[in-house]
Each structure stands twice: as C-alpha cells, then as structure tokens.
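The structure appears right after this line, and notes come after that.
The values are calculated or read from the model by the stated rules, or taken from the named source; none is laboratory data. Quantities reported herein were computed from a predicted structural model and do not represent experimental measurements. When we count neighbours, we look across all protein chains shown, and the Cβ atoms used for this are built from the backbone with ideal geometry, even at glycine.
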Amino acid sequence: MLNLLWLQSGGCGGCTMSLLSASDPHLMKQLSNNNINLLWHPSISEESSAQAIQILNDILDDKIKLDILCLEGSLLRGPNKTGLCHMMAGTSTPFIDWIQKLANKSDYTLAVGSCAAYGGITAAGGNPTDACGLQYEGHMVGGLLSEKYRSKKNLPVVNISGCPTHPDWVLITLSMIANDQLSIEDLDEYLRPKFFTQHLVHHGCDRNEYYEFKASASKPTDLGCMMENMGCLGTQAQADCNIRPWPGGGSCTSGGFACINCTAPDFEEPKQTFMKTPKIAGIPVGLPLDMPKAWFIALTTLAKSATPKRLRDSATSDTISNIGNKLDKESKDV
Amino acid sequence: MSNVIAGPFNRVEGDLELKLDIQSNQIIDAKVTSPMYRGFEQILVGKSALDALVYTPRICGICSISQSIACAYALENDQSIKVPHNGRIATNLVLGTENVLDHLTHFYLFFMPDFAKHEYESKSWYADIKHRFQAGKGEALNDILPARTNLLKVVALLAGKWPHTLSIQPGGSSKAVDKYEQIELKNTIRQFKSFLEDITFGTSLQKVLQIQTRSELLGWAQNNQSDFAKFVQLIEENELEDLGKVDLTLMSYGNYYQSAEKTSFSSGVYQHNKLQLLDASKIREYTQYSYLDNTHSGKHPLQNSTEIPSSLDDKAYSWCKAPRLDDQVIEVGAFARQVIDRQPLITDLHQYAKSNVANRVIARMIEVARIALLLEQWVDEFETGNAFYQALDLPDNFQSEGLIEAARGSLGHWIEVKNGKISNYQIVAPTTWNFSPMDDKQQKGALEQALIGTQAIDSQSVKIEHIVRSFDPCMVCTAH
C-alpha cells in the first residue's frame with residue numbers, strides 16, 4: 001500500500017471537487033485499485049483536529065511512511081514572510097512550515113493544480129499574500145522549496161497544473177507512481193506530466209472546421225472559432241481537454257468560452273483582457289505554437305476566401321446551419 | 001476548565017479553527033477563526049471589469065458557479081431586464097445543479113460520516129450507519145459519487161466544465177441549447193431524480209414535499225430505509241434539535257430568476273416572527289475583530305475596502321470580516337431560505353425548535369427535492385431557436401451589486417468600476433455571515449452563538465463536529 005497525504009492551502013478546493021467527479025470507477029475505487037491508502041484528505045477523511053495533527057506528526061517522526069504528498073493551493077508566504085496568511089488550524093504554525101517539513105519525508109511530492117504548481121490565481125494582481133508554488137513562482141524556478149529540492153525518489157515536485165485539474169490528470173499520475181513508472185522523462189519543461197501536456201487544447205476542439213476556414217465567433221453563443229476575436233488560447237495551451245472530456249462530457253470551448261491556458265505558469269496574468277483577442281494591424285497576437293507568422297497570415301487569407309457559406313453563417317450564429325441542405329445549395333452555387 | 005483550540009476541521013471546505021472556553025463540561029465561549037486569507041478583493045482592483053468573471057469563480061471550488069453568477073449579475077447592473085429568457089433558464093439550471101450537488105456532497109461526504117465515529121459504537125443503529133456512511137469507505141459512496149458525476153452532464157452541456165466556467169456572462173449564457181440537447185438534459189435530470197427517489201428519499205419527490213409537519217416527518221422516516229430517513233431516525237435519540245440551536249434573524253436574497261424581478265425562492269428577512277422585505281443597503285461589514293485593516297469598519301461594502309494591515313491586531317482572531325444587516329447577526333443557508341419561502345415542513349420545524357443541527361440538515365434535503373423538480377421544469381421552459389445571450393454595453397463607470405443564493409446561503413458581490421477598471425470589489429459569502437467573528441459591538445456570529453452553551457467534555461466532542469458541519473461551512477469563501 002502507498003500512503004497518500006493530501007493537504008490544502010491557498011486555493012479554492014476546486015481540484016478536490018473535480019477529483020471527486022472521477023468516474024468509471026469512482027475516486028475511492030480508483031485509489032484502492034492502485035493500492036493507494038488515503039492517510040488523510042481534508043474533504044474525505046474521518047479524522048479531524050487532534051487526530052489529524054497526530055497523523056502529520058507521525059509522518060514527521062517516521063512512524064508513518066509518506067509515499068505521496070499532494071498539495072492543493074498555493075503557498076502563502078505573506079505578510080512580510082511570516083506565513084500568517086495561512087496558519088494551519090489547530091497548530092499555531094504557518095502552513096508553509098508544515099509543508100516544508102513534510103516535503104522532506106515524501107517519496108513523491110505532487111503539486112495539484114496551477115496554484116500549488118506555480119502560484120496560480122492567488123498570485124494574480126499585486127499578489128497581496130506573496131503566494132507562490134511549491135517549486136516555481138510563475139514560470140521561474142524556485143518557489144517555497146528551493147530549485148534543488150528532490151523528493152526521496154529523487155524527483156522535483158511534479159506539477160499537475162490546471163485550474164482546476166482534470167480528475168484523470170491526477171489519477172493517471174498517481175497510477176504511474178503506483179506502478180513505479182513515473183520518471184523525469186515523463187515530465188515536460190515545467191515539470192508537468194507529459195501525457196496531458198503533449199496535446200494542445202486545440203486538438204479535438206469541435207470548432208476545428210471553423211478554425212481551418214477562419215470562420216470566427218464574434219460574441220458569446222456564436223459557434224465559430226474563438227481564436228480571432230474571443231481570446232481563445234486553445235492553439236497554444238498544452239492540455240488534452242478536448243481529447244479527454246471533462247466530467248459530464250464537456251470542455252471550455254464546447255461550453256462556448258475561451259480557453260485561458262490554465263495549465264500554464266502565469267496564466268492568471270495574461271497582460272491583456274481574457275476574453276478579447278489582442279491584435280496588431282488586425283492580426284491576432286499570439287499565434288499557434290510553432291507556426292511561422294507569415295505562413296499563418298497567408299493561410300488565413302486563403303482560408304477566409306474559401307470559407308463555405310455554411311460555416312460563415314454558423315460561425316456568428318448560435319444555431320448550426322444544416323449540413324445536408326447547405327451542401328446541396330453550395331454545390332448548386334458552384 | 002480550559003481554553004482549547006480545535007482544528008483543522010476537515011470535511012468542511014477550506015481550513016477552520018475554533019477557540020473554545022470549556023468549563024464544567026460546557027462551552028462558555030467560542031471564537032471562530034478563518035485562518036486563511038488569499039486577497040481576492042485586492043487582486044481584483046485594477047482589472048478590466050469583465051475579467052472579474054475569470055477570477056471570482058476561483059474564490060471557491062465548491063460554489064464556483066454561484067460566484068460566477070453573483071459576478072455576472074453585478075456586471076449586468078441595471079440591464080438585467082435585457083437578459084433573454086433562455087439565458088436566465090440556463091443560469092438557473094447550472095446554479096440549481098451546483099446547489100443540489102453541494103447539498104448532497106455535504107450530506108453524504110461531510111456530515112453523515114460523523115455518526116460512524118467510534119463515539120457512537122454502543123448505539124443500536126451504529127453498525128448500519130457505519131456500513132452506509134463511514135468516511136471514505138461507506139457503501140453510499142458507490143451511489144452518490146456516480147450520481148454526482150452523472151448530474152454534472154447538465155453543467156458540462158451548458159457550462160463546459162465544473163468547477164470554473166466562463167459560460168455565465170452578463171447578458172446570458174455563452175452556450176445555446178438546441179432541441180436535441182434539450183432532450184439530453186431532460187434525460188440526465190430524470191436519471192438524477194430516480195437516484196433521489198430510489199436511494200436518497202425512498203419515495204417520490206412529490207411525496208417528500210407533501211410532508212408538512214415535524215410529526216409527519218418523524219412518522220414517515222419510521223417506515224422508510226432511505227438515506228434521508230436514516231438521518232431523520234437519528235434526530236430524537238441524539239437530541240439533534242437541541243444541538244447548535246440559535247434563533248437569529250434569517251435572510252435570503254432570493255434565488256432562481258424566472259423574470260428580471262421574480263425568483264423561484266423568495267427573498268426576504270425573517271425577524272421577530274415576521275417576514276420583512278430585504279433592504280440590502282443596510283448591510284455593513286465590521287473589522288474590529290478581523291485581522292484585516294480596520295479603517296472602514298462599519299461601512300457598506302461599496303464604501304468598504306480590504307487591506308492587510310502592517311501588523312495584525314492582538315484582539316483580532318479571524319481573517320473574516322463580520323457582516324451585519326441593520327446591525328443584526330444573521331443566519332443564512334437552506335434553512336433560512338426555506339423559512340422565508342414558507343416551505344410548509346421547514347416553517348413547522350422553525351416554529352417547533354428554531355434553527356438547530358437537525359433542522360439545518362432537513363432544510364437542505366427538502367431543498368434538494370424542490371430543486372430537482374425545478375430542474376425538470378426549467379428544461380421544458382427553453383425556447384430553442386431563441387437567443388440565449390444579449391450583448392450588453394457595460395458603462396465605463398458604475399457601482400453595482402450582484403445578490404444570489406449559493407447552496408450555503410446569501411452571496412453578494414459589490415463592484416465599483418472607474419474608466420472600465422475595477423476600483424473596488426467586495427464579496428460577502430454565505431459562511432462570512434454564519435462564521436463571522438464578533439462585530440464592533442461584540443455581537444458574536446451565528447456559529448459562535450450556536451456553540452456557546454453546548455455540553456462538551458473537550459474540543460474533540462463529536463457534538464462540536466455536528467454543530468460546525470450542520471452549517472455546511474465553506475471556509476475558502478469566508479475570508480477569500
């Protein structure tokens with residue numbers, strides 16, 4: 001059995017709420033199937049107060065082995081480096097002190113969600129609580145734990161980013177650990193598990209045909225591609241949200257709103273408004289990853305001139321134009 | 001005897017600490033501490049007005065949609081009349097879904113597991129309850145977790161994902177529904193209803209809502225083996241109606257807009273045995289016992305501000321502010337909502353024993369039955385083919401409020417925008433009301449009052465756990 005301890009600090013608890021939505025089978029079965037024993041989890045366990053603190057102390061005293069430490073939420077170092085923005089209840093001790101000690105005991109340390117990984121939403125604006133991630137501050141290495149930190153299995157903090165995380169991102173990572181198959185090669189440049197960041201949100205987006213013809217949405221409910229006007233970062237965001245449906249079967253783009261690239265460090269401060277695409281001379285700033293700008297412009301011009309009427313109509317409508325009839329009509333037009 | 005500190009309380013959302021003075025096995029004083037502060041109100045200042053839709057849902061992972069809607073309502077300002085009916089219905093559906101899921105998550109995962117604790121080992125019902133509800137292990141998890149995920153199809157279809165959607169916009173919903181999706185929604189809601197009728201209530205929702213009095217409820221539960229009935233069977237033996245009892249002013253902002261003015265659950269204030277109209281302009285936030293800066297204590301949210309002071313005040317004991325309505329300590333939540341909406345059973349329970357552990361839980365479950373029926377009704381109200389969204393021109397300068405009911409009670413957002421940028425954003429969440437510290441007149445918050453007087457040997461007493469969790473606290477919202 002692998003002992004898993006889950007703690008929460010400067011976040012919203014949304015990654016846990018998402019995790020509870022895991023299905024086929026449900027969360028507790030997936031854990032037991034992987035021989036994972038939940039030592040303590042703030043939303044699930046029976047133990048409260050002194051009993052919960054006892055578990056933490058037993059870990060620090062090496063009475064309980066800590067195989068996996070999961071942290072949800074950012075680390076609040078403020079005000080003035082005191083950590084008073086989160087004193088762990090019942091302990092009169094800053095949470096940042098607890099996590100530093102516990103991280104020295106764990107075989108694997110996982111940052112669950114963009115807050116725990118990079119600081120996330122809590123570090124936005126003027127970052128009033130001096131929030132950071134476990135081993136990153138935004139895209140810069142070095143958060144609460146130093147750059148040199150390694151868990152007992154000689155890995156840096158594994159950053160399962162996302163706001164929130166998809167339940168599978170957490171559970172597959174845990175399963176890799178349970179099967180002794182997680183190594184540094186499985187992590188990308190920001191130490192995120194590659195299995196979900198080797199895709200773009202764009203992959204599998206149901207607006208892809210609109211993207212191909214640059215048939216763009218101009219307001220909420222429009223069915224067209226949201227990249228040109230609506231601030232969508234799906235062509236840059238590394239996540240498999242449109243390949244791996246979210247609990248219940250949706251995604252941000254299927255819900256009619258822009259991908260805000262929530263798996264990326266610093267996503268919370270895009271230096272522009274979230275829901276409007278910044279443009280220079282009519283061309284969106286921030287093109288798809290790896291695509292030369294001149295090519296993009298050339299393709300866009302060509303695609304726009306070739307857009308079928310069916311797509312042009314649907315792109316700025318909330319109703320899909322009937323494929324069968326329109327195809328007939330378009331072929332007749334030709 | 002002693003001053004004791006209890007925490008971390010789990011099976012609440014976020015972190016919570018209690019400071020209790022227990023003498024002769026009785027709690028004689030209680031201080032409720034929100035030990036974590038993230039600074040959303042500070043983060044939002046300077047942001048473009050619409051970007052609040054990205055930040056505010058992330059205040060809370062369990063009532064994220066409620067936060068989105070309060071924000072969208074605040075941004076709509078005086079233009080809510082322009083929101084298309086479909087947009088309103090879509091909003092009701094996602095909010096209703098979140099609210100029932102929150103209530104059920106609370107009942108199955110947070111509240112009931114306390115009755116499976118070893119303190120109750122000698123009780124005749126213990127083995128059965130433990131088998132069904134034990135934390136992390138109970139058999140009910142095999143029912144509730146899949147049912148929860150199945151109902152999330154409603155949110156997935158209308159709002160993409162949960163938590164943290166951007167589908168809720170000032171002016172309606174970003175996702176229009178066609179008649180085929182309408183059928184899918186209907187099927188999902190019917191499946192959820194059958195889960196409630198088979199497992200949670202063991203009878204039709206209509207029959208649950210026909211129960212009008214306390215004695216009818218107790219009688220009904222004797223002949224029923226559903227999860228809700230199992231709880232009702234525990235009430236008298238464990239004196240849950242005497243536990244955590246308070247008789248405070250109750251408040252509801254009203255919920256689920258049917259039109260620009262009319263809500264499915266009515267708004268109001270219940271005080272001195274009568275219902276009164278809500279006057280939200282009388283809301284004040286006090287900070288003398290909060291760690292936050294005290295400069296604007298006693299001001300309305302729009303005149304308030306939020307800053308971390310250079311040093312934390314010794315007499316302060318929580319990051320939470322103390323909101324008051326007309327200087328009254330307020331209780332919010334499903335119990336308050338259903339008393340104010342004059343739901344027959346909850347009205348009778350209120351007459352019998354005011355707000356207590358049992359009644360707060362019953363009100364939540366009655367609300368589950370009511371909302372499930374409303375979900376089905378709303379899906380039928382979609383006028384597919386008509387608009388779900390109407391673009392609104394947000395003025396460059398305005399002050400506004402967005403008031404809604406989250407699962408846990410009244411949620412308010414107050415916004416001031418200058419030159420298109422947020423110059424002030426104040427949030428008063430449900431648990432900010434219920435778990436507030438003392439106000440400047442040293443009136444204690446609802447949980448503090450509910451704890452004082454309780455017979456408890458020490459801070460580990462399971463009674464304390466029942467009282468705390470009966471409010472279904474959301475601590476991440478509380479101090480935000």
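If you go through the range B:401-413 one residue at a time, do you hit one that is over 26 Å from B:Ala159 (Cα atoms) and not basic (Lys, Arg)? Can you show your working first?
Keep residues of the range B:401-413 that are over 26 Å from B:Ala159 (Cα atoms), which gives none.
No, the conditions are met nowhere in the range B:401-413.
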If a residue has to be within 7 Å of another protein chain (Cβ to nearest Cβ) and part of a loop (DSSP other than H, G, I, E, B) to count, how many in the range B:58-71 make the cut?
3
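So which residues in the range A:107-141 are closer than 19 Å to A:Ser161 by Cβ, outside any loop (DSSP other than H, G, I, E, B) and not aliphatic (A, V, I, L, M)?
If we filter the range A:107-141 for residues that are closer than 19 Å to A:Ser161 by Cβ, which is where we start, we get A:108-124, A:127, A:131-141.
Of the ones still in play, those that are also outside any loop (DSSP other than H, G, I, E, B) are A:108-112, A:114-118, A:120-123, A:131-132, A:136-137, A:140-141.
If the condition is that a residue be closer than 19 Å to A:Ser161 by Cβ, outside any loop (DSSP other than H, G, I, E, B) and not aliphatic (A, V, I, L, M), then A:Tyr108, A:Thr109, A:Ser114, A:Cys115, A:Tyr118, A:Gly120, A:Thr122, A:Cys132, A:Tyr136, A:Glu137 are the ones that fit.
If you take the residues of the range A:24-50 that are among the small types (Gly, Ala, Ser) and modelled with pLDDT of 95 or more, which of them is surrounded by the most Cβ atoms within 10 Å (Cβ to Cβ)?
A:Ser43
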Can you pull out every residue in the range B:5-32 that is at the interface with another protein chain (Cβ under 7 Å from one of its Cβ atoms) and in contact (Cβ under 8 Å) with a residue 40 or more places away in the chain?
B:Ile5, B:Ala6, B:Phe9, B:Arg11, B:Glu13, B:Gly14, B:Asp15, B:Leu16
Scan the range B:267-292 residue by residue and report those that are modelled with pLDDT of 95 or more and part of a loop (DSSP other than H, G, I, E, B).
B:Ser267, B:Leu277, B:Leu278, B:Asp279, B:Thr287, B:Gln288, B:Tyr289, B:Tyr291, B:Leu292
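Would it be correct to say that B:Arg337 is modelled with pLDDT of 95 or more, loosely packed, with under 15 Cβ neighbours inside 10 Å, under 19 Å from the mean Cα position of the chain (by Cα) and not small (Gly, Ala, Ser)?
Numbers: modelled with pLDDT of 95 or more: yes; loosely packed, with under 15 Cβ neighbours inside 10 Å: no; under 19 Å from the mean Cα position of the chain (by Cα): yes; not small (Gly, Ala, Ser): yes.
For B:Arg337, the condition - modelled with pLDDT of 95 or more, loosely packed, with under 15 Cβ neighbours inside 10 Å, under 19 Å from the mean Cα position of the chain (by Cα) and not small (Gly, Ala, Ser) - is not met.
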Which one is nearest to the other protein chains (Cβ to nearest Cβ), of the residues in the range B:46-57 that are out of contact with any Phe, Trp or Tyr (no Cβ under 7 Å at 6 or more places or on another chain) and among the aliphatic types (A, V, I, L, M)?
B:Leu50
Which pairs do you get when a residue that is touching a residue at least 40 places away in the same chain (Cβ under 8 Å) and more than 7 Å from chain B (Cβ to nearest Cβ), found in the range A:40-51, comes within reach of a residue that is surrounded by fewer than 21 Cβ atoms within 10 Å (Cβ to Cβ) and part of a loop (DSSP other than H, G, I, E, B), reach meaning Cβ atoms under 9 angstrom, with the pair 6+ apart or on two chains?
none
Spot the failing condition for B:Gln210; the list is (1) touching a strand residue (DSSP E or B) at 6+ places or on another chain (Cβ under 8 Å); (2) free of Cβ contacts under 8 Å to residues at least 40 places away in the same chain, and only one is missed.
(1)
Only one of B:Ile211, B:Ile283 is out of contact with any Gly (no Cβ under 8 Å at 6 or more places or on another chain) and surrounded by 13 or more Cβ atoms within 10 Å (Cβ to Cβ); which?
B:Ile211
Which one of B:Arg469, B:Arg408 is crowded, with 21+ Cβ neighbours inside 10 Å, within 12 Å of another protein chain (Cβ to nearest Cβ) and basic (Lys, Arg)?
B:Arg469
Options B:Arg337, B:Arg324, B:Arg284, B:Arg342: the member that is among the basic types (Lys, Arg) and touching a Ser or Thr at 6+ places or on another chain (Cβ under 7 Å):
B:Arg337
Strands (runs of 3 or more DSSP E) (entirely within the range B:365-480) containing at least 1 residues that are β-branched (Val, Ile, Thr) and out of contact with any strand residue (DSSP E or B) (no Cβ under 6 Å at 6 or more places or on another chain)
B:421-428
Of B:Lys207, B:Lys193, B:Lys186, B:Lys230, the only residue that is within 22 Å of the chain's Cα centre (by Cα), in a helix (DSSP H, G or I), of a type outside the set (Ser, Thr, Tyr) and modelled with pLDDT of 95 or more is B:Lys193
Quickly run through the range A:21-39 and pick out the residues that are touching a residue at least 40 places away in the same chain (Cβ under 8 Å) and more than 7 Å from every other protein chain (Cβ to nearest Cβ).
A:Ala22, A:Gln30, A:Leu31, A:Asn34, A:Asn35, A:Ile36
Looking at A:Ile64, A:Ile96, A:Ile68 in this structure, which one is closer than 27 Å to A:Pro193 by Cβ, touching a residue at least 40 places away in the same chain (Cβ under 8 Å) and more than 29 Å from the chain's Cα centre (by Cα)?
A:Ile64
